[in-house]
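First the structure, which I've put down as structure tokens, then a few questions once you've had a look.
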Amino acid sequence: MTHLPLTRSRSRSGSRPRPGPRPRTTTLAAAATLTALVLFAPPALADDDPGAPPGSTTTSPPPEVDSNSPGLKLADGATLAPAKVLDIKSVVEDLGGEERREDTNTDVKFALQAEVLFPKDSSKLNPEANARIKAIAEEARAQKATDVRVFGFTDDLGSYGHGKKLSRARAEAVHDELATHLGPEVTFSVRGYSEDYPIADNGSEEGRKKNRRVEVSFPRGASDGGAGAAGSPTAKP
């Protein structure tokens, strides 16, 4: 029997022939796998407060409730729902809106408009700003705060990069003045967020004025001996 040599066919251009279409079963298997991933993927969880900067609030665990307590008058077969912490917020703002105070179950926050603290497009404190910052420091001492957050914000005019630099510099200036009134045991978190996290509409000058601000917040009634006892008193990520 004569054995003919095996040869590989090439196109006229010398390239290898294109492979044929893949089996349809592969496509169906991939589609089935994708469907399974979509059906059994874990749900996406949203932030509790997407309008607040990260680290701007203090978390508080829900209280423990004894479902067998005789004081609970539950109907036969009834069960308790999971415990939740309802945060009650008190907001006080002066007539001009220059200063705003928010009190919750866990935090105290002051928001000062930039116009009462700084000249236009500047991070140098006005002389009258010191008295406002001193009053905030006194409240922080009264609450025995050892962790103080100082966040700067701007409106959406100008570049984002410039707003980032200006808001950070303004937060630094407020921090420096606060530090003169608070002890070395206090740890500061100083950040600048530019136009992020607006509290009013940037479409009007009134709204932009509210967004140009510095916020100072701290936990309510914090105990002594916080994280700032060791090392530098300022944490600047």
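The values are calculated or read from the model by the stated rules, or taken from the named source; none is laboratory data. Small disclaimer: the values here were computed from a predicted structure and weren't measured. All Cβ positions, glycine included, derive from the backbone under ideal geometry; neighbour counts span all protein chains shown. These accessible areas exclude ligands, DNA and RNA; they are computed on the full protein's heavy atoms, side chains included. Shrake-Rupley method; radii C 1.70, N 1.55, O 1.52, S 1.80 Å.
What does the charge add up to near residue 180, with Lys and Arg as +1, Asp and Glu as -1, over the other residues with Cβ less than 15 Å from its Cβ?
It works out to a net charge of -2.
A follow-up question, please. Given a 1.4 Å probe and every protein chain left where it sits, what share in percent of the accessible area of segment 116-177 is carbon and sulfur?
Whole-percent figure for carbon plus sulfur exposure: 53.
Moving on to the next point. Sorting 166, 178 by accessible area (1.4 Å probe), largest first, what list results?
So, going from the largest accessible area down, we get 166, 178.
Enumerate the lysines that residue 165 could reach by cross-link, defined here as Cα to Cα under 20 Å, with residues fewer than 8 away along the same chain left out.
120, 124, 209, 210, 236
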